[in-house]
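Contents: one structure, followed by commentary.
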Amino acid sequence: MNQVWAVFIAKTHMARHQIASVRHQSKLKVAVLSIAAIGLWLGALLIFHLGFRWLIHFGGQDGSEFAFGTALLRQSLSIFALSIFLLMAFSNTLVAFSTLYRSREVVYLLQGPISYTDFFYARFIESVLFSSWSLAYLGSPMMLAYAWNTNAHFIFYIAVVLFFLPFVVIPACLGTTITMVLVRYFPRMNTLTVALLGGGTLVGFFVYIRSVLKGARFSEMQTIAAIREAMDSTQSPLFPSHWAAQGIRMAGDGNYSETLFWFLLLLSTALFAIYLTGRLANRIFYPGWSYLMGQDKQRIKPMDRGPLACLNTLLRPLKEPYRSLFHKDIKLFWRDPTQWSQFIIFFGIMAIYIANIRNSTRLYETEFWRGWIACLNVGAVTLIVATLTSRFVFPLISLEGRRIWILGMAPLTFSQLMWQKFWLSVALTSFFTVGLAVLSGHILQLEPLHYAITVYSVFLSNLGLSGLAVGLGALYPTFTEDNPARIVSGMGGTLNLLSSVAFVICVVSIQVLVLQWKALDLYTGEAQFRGTVLVAMGLITALGALCTLLPMRLGLRNLNSMEL
Amino acid sequence: MIQATQLTKHFGEKLAVAPLDLDIPEGTFFCFLGPNGAGKTTTIKMMTGLLRPSGGTVSIGGINVQEDPVAAKRCMGYVPDHPFLYDKLTGREFMRFVAGLYQIPESYYQVHCEKLLEMFEIAHVGDQLVEDYSHGMRQKLSFASCFLHDPKVVIVDEPWVGLDPKNIRFVKDFLKEKTRNEGLTVFMSTHTLSIAEEIADKIGIINQGKLLEMGTVAEIKALHENPGSLEDVFLTLTRDELAKPIS
């Protein structure tokens with residue numbers, strides 16, 4: 001039997017058993033997860049559908065003065081394809097490091113009589129699946145919405161499925177090649193060089209994104225021409241993303257021969273890329289992996305040196321045991337790059353968004369639009385926080401599980417432990433989000449009252465979201481798991497995410513109602529407006545307190561009643 | 001059967017294994033002893049082709065592991081101290097997977113798989129997921145899969161972790177019988193000196209990356225000024241001021 005096939009069959013068996021194990025899990029958990037997955041898919045479909053419809057309306061439909069709507073929509077497909085291509089290449093660079101170099105399975109497979117090429121292909125299949133399933137999940141509603149809005153030919157649906165595999169394989173080959181080359185030729189680089197290179201790449205990426213967004217100034221007179229120009233700058237006949245977009249677009253028009261041409265171009269490139277990457281793996285994988293395995297693993301971290309040395313001073317005002325717990329949590333987080341790199345990506349996206357508000361101010365000079373943007377900013381920032389608390393804060397209690405004997409034996413109550421996690425989360429999230437809220441308010445030149453409402457809402461959301469994450473994390477702990485990603489994927493994690501999103505929607509809705517009524521001049525006077533603001537802030541405060549105290553109380557009760 | 005010539009490994013600046021020469025003939029039960037961090041696992045990883053040596057060569061059955069790793073691995077089996085197994089496969093599915101990996105003919109697999117599962121007393125749980133196995137069962141499955149392709153050399157890294165006395169006895173007898181009757185060569189790293197003393201044909205003692213002594217149990221024991229147990233010799237040799245000859 002071919003070895004790649006043997007691994008593939010084994011993985012198929014594993015997937016089957018994994019799916020079959022669902023019947024042994026809690027029915028409630030399965031129901032919550034299924035409803036959440038279907039709801040998210042349908043929500044994405046609705047948002048894409050409405051967004052595309054708006055885009056067609058914005059650009060102008062056939063028969064009107066400007067009939068660029070459909071053209072804009074088609075262009076957006078090209079941008080989407082390029083973005084996905086870059087994201088796939090980036091995610092494969094990360095995933096390949098884990099699947100090819102870090103997984104325990106690698107050692108097991110390599111001790112067998114398997115050639116490095118076969119080993120590579122066996123792991124590559126997994127790498128592609130890992131990095132592309134979410135694209136299939138969230139890309140499908142987008143494609144469906146696109147087809148509805150452009151009245152696509154039936155061949156479009158077949159083409160989307162056929163183009164998918166070669167389209168994801170090419171960036172996967174690119175990302176994997178980058179990883180293998182980095183591991184083979186750059187492992188000797190010191191931390192400073194790596195940090196400078198990484199920082200340079202990130203800055204370059206942000207500058208590029210900013211230049212593209214700048215081209216799309218909504219405030220210019222020739223808005224649509226500017227948008228088209230910006231869109232064109234992301235296209236090149238040399239990009240595989242361009243071939244995929246062109247092919248799918250042609251399929252939508254029912255143009256068989258053009259579709260086939262782009263498909264064959266993409267397929268042949270994908271096959272050649274697979275072949276080349278396999279050959280490359282045969283040459284450079286093993287020397288790189290062996291070097292990585294053979295590196296001196298002694299990492300000396302003197303207490304009073306390094307970037308975390310300032311923690312001693314910063315945390316001095318705190319009393320024990322909180323100081324030690326803060327110290328431990330921050331150091332564990334800092335020393336796990338997989339954790340803080342995601343943190344940086346989230347806030348990097350947020351920073352680009354806030355920085356780009358400047359480009360929109362001239363169009364939105366009215367109070368109506370400024371109010372909307374202020375509310376959307378609160379929504380965007382708090383949704384990012386909701387994602388972060390669900391991903392990083394929710395698993396904190398569970399992660400203590402295997403070491404609970406250390407905390408369990410210490411003169412420390414669970415209440416102290418939970419509040420320490422809570423304030424750690426509030427402090428870290430507020431540091432970034434309140435700063436972003438202040439910055440966006442300043443850029444939008446909000447009135448003082450609007451300014452205060454925005455900042456207050458963001459801060460209060462941090463409290464509520466942290467309370468939900470810590471409380472539900474204690475209510476639904478997974479003490480047997482060390483992997484935060486797996487802890488989050490359980491029922492508790494899903495419940496926390498859904499509750500957090502619901503909380504954010506409530507906070508933003510209250511704010512929108514108050515500010516838009518003012519913008520539409522529906523208040524009888526200033527006194528009524530101020531009274532409504534007071535009531536609204538009271539409601540948000542009550543909601544924040546409820547989301548903080550109730551889950552914390554339930555979680556604490558659960559921990560106290562557990563036999564650990 | 002196992003030959004290492006000037007086998008060396010550096011981890012950065014640190015010398016993990018100093019130039020090591022080994023020649024272990026076919027049918028030998030070789031025990032590799034040393035304290036924690038002595039270089040045992042690094043040596044084993046170089047032998048199995050998992051680590052590239054900084055210098056020197058190692059060959060298994062006359063095949064150079066660095067030059068032709070696939071052929072060398074085909075004739076050896078490896079059981080690590082904490083074996084990696086696929087939790088979401090059943091025992092039989094795992095054996096089937098290993099058969100595919102070693103490209104074992106279907107007819108051979110059909111006969112030997114069941115025989116090994118029976119022999120290691122895990123046939124009755126062969127259709128259960130590995131995640132439901134106890135540590136001992138996992139270790140037995142790891143041994144069963146290691147012998148599926150009938151290796152000529154078996155490298156075992158501290159196999160007694162988590163095994164109960166009955167299983168220890170079984171594994172010990174099984175390996176001993178294979179070396180005596182079928183000419184299997186066993187290279188075993190262990191901390192359990194009493195077992196090494198009982199079953200080893202030859203013993204090597206390593207510390208701080210240097211092979212301090214090598215010989216039969218009797219030869220090693222004779223190194224001590226007051227010949228006693230292997231434990232006495234081991235502790236004397238691996239003292240901090242080691243590498244000094246025993247008086």
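The values are calculated or read from the model by the stated rules, or taken from the named source; none is laboratory data. Note that the structure is predicted; figures quoted are calculated from it, not measured. Reconstructed Cβ throughout: ideal geometry from the backbone, glycine too, with neighbour counts over all protein chains shown.
Rundown of residues vs (1) surrounded by fewer than 24 Cβ atoms within 10 Å (Cβ to Cβ); (2) at negative phi; (3) in a helix (DSSP H, G or I), yes/no style:
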{"position": "A:Ile453", "(1), (2), (3)": "no, yes, yes"}
{"position": "A:Leu460", "(1), (2), (3)": "yes, yes, yes"}
{"position": "A:Gly471", "(1), (2), (3)": "no, yes, yes"}
{"position": "A:Glu481", "(1), (2), (3)": "yes, yes, no"}
{"position": "A:Arg486", "(1), (2), (3)": "yes, yes, yes"}
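How many of the residues making up the stretch B:1-24 are within 14 Å of chain A (Cβ to nearest Cβ) and either polar (S, T, N, Q) or farther than 19 Å from B:Asp68 by Cβ (or both)? Selection size over the stretch B:1-24: 10.
All of B:Leu129, B:Leu212, B:Leu117, B:Leu175 fail the test of being within 13 Å of the chain's Cα centre (by Cα) and not small (Gly, Ala, Ser), apart from B:Leu175. Out of the residues in the stretch A:74-109 that are in contact (Cβ under 8 Å) with a residue 24 or more places away in the chain and more than 21 Å from the chain's Cα centre (by Cα), which is nearest to the other protein chains (Cβ to nearest Cβ)? Ranking the qualifying residues of the stretch A:74-109, first place goes to A:Leu109.
Look through B:Gly27, B:Gly39 and report the one residue that is more than 12 Å from chain A (Cβ to nearest Cβ) and under 26 Å from B:Phe11 (Cβ atoms). Quick ask: steps written out before the conclusion?
On the way: B:Gly27 fails: under 26 Å from B:Phe11 (Cβ atoms).
It is B:Gly39.
For (1) without any contact (Cβ under 8 Å) to a residue 40 or more places away in the chain; (2) under 28 Å from B:Gln208 (Cα atoms); (3) touching a Gly at 6+ places or on another chain (Cβ under 7 Å); (4) within 8 Å of chain A (Cβ to nearest Cβ), each residue gets a yes or a no:
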residue	(1), (2), (3), (4)
B:Thr48	no, yes, no, yes
B:Gly56	no, yes, no, no
B:Asn64	yes, yes, no, no
B:Glu67	yes, yes, no, no
B:Tyr86	no, no, no, yes
B:Gly91	no, no, yes, no
B:Ala99	no, no, no, yes
B:Pro105	yes, no, no, no
B:Val111	yes, no, no, no
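The combined condition, being of a type in the set (Val, Ile, Thr), more than 14 Å from chain B (Cβ to nearest Cβ), touching a residue at least 12 places away in the same chain (Cβ under 8 Å) and closer than 20 Å to A:Leu165 by Cβ, is not fulfilled by A:Thr70.
Quick check on B:Lys152: is it touching an Asp or Glu at 6+ places or on another chain (Cβ under 8 Å), surrounded by fewer than 20 Cβ atoms within 10 Å (Cβ to Cβ) and modelled with pLDDT of 90 or more?
Yes.
Of the candidates A:Ser500, A:Ser489, the single residue that is in contact (Cβ under 8 Å) with a residue 12 or more places away in the chain and among the polar types (S, T, N, Q) is A:Ser500.
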